[in-house]
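Everything on this sheet refers to the single structure shown next.
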Amino acid sequence: MLFSVALSAQDIQGFVTKQMQIYPKSRLLDIYKSCFQDYMGAEHLVSDRQNTLSDC
């Protein structure tokens, strides 16, 4: 499944500004990682999805 996300330069600038206020030592890699995790979620932390779903 493909998702399309349209962001303006203002949206991105606002995100980066807020990120740098909260985490002033952020590097470009940290900002990229945060964007990726915001978009994709934290599924990479789950090793057994079925077991995780049954715990809910």
I'm told residue 3 meets every condition in (1) surrounded by 10 or more Cβ atoms within 10 Å (Cβ to Cβ); (2) at pLDDT below 80 except one. Can you identify the failing condition by its number? (1)
Looking at the range 38-55, is at least one residue surrounded by 11 or more Cβ atoms within 10 Å (Cβ to Cβ), under 13 Å from the mean Cα position of the chain (by Cα) and modelled with pLDDT of 70 or more? no
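The values are calculated or read from the model by the stated rules, or taken from the named source; none is laboratory data. Please read all numbers here as calculations on a predicted model, not as lab measurements. Virtual Cβ from ideal backbone geometry, glycine too; neighbours counted across all protein chains shown.
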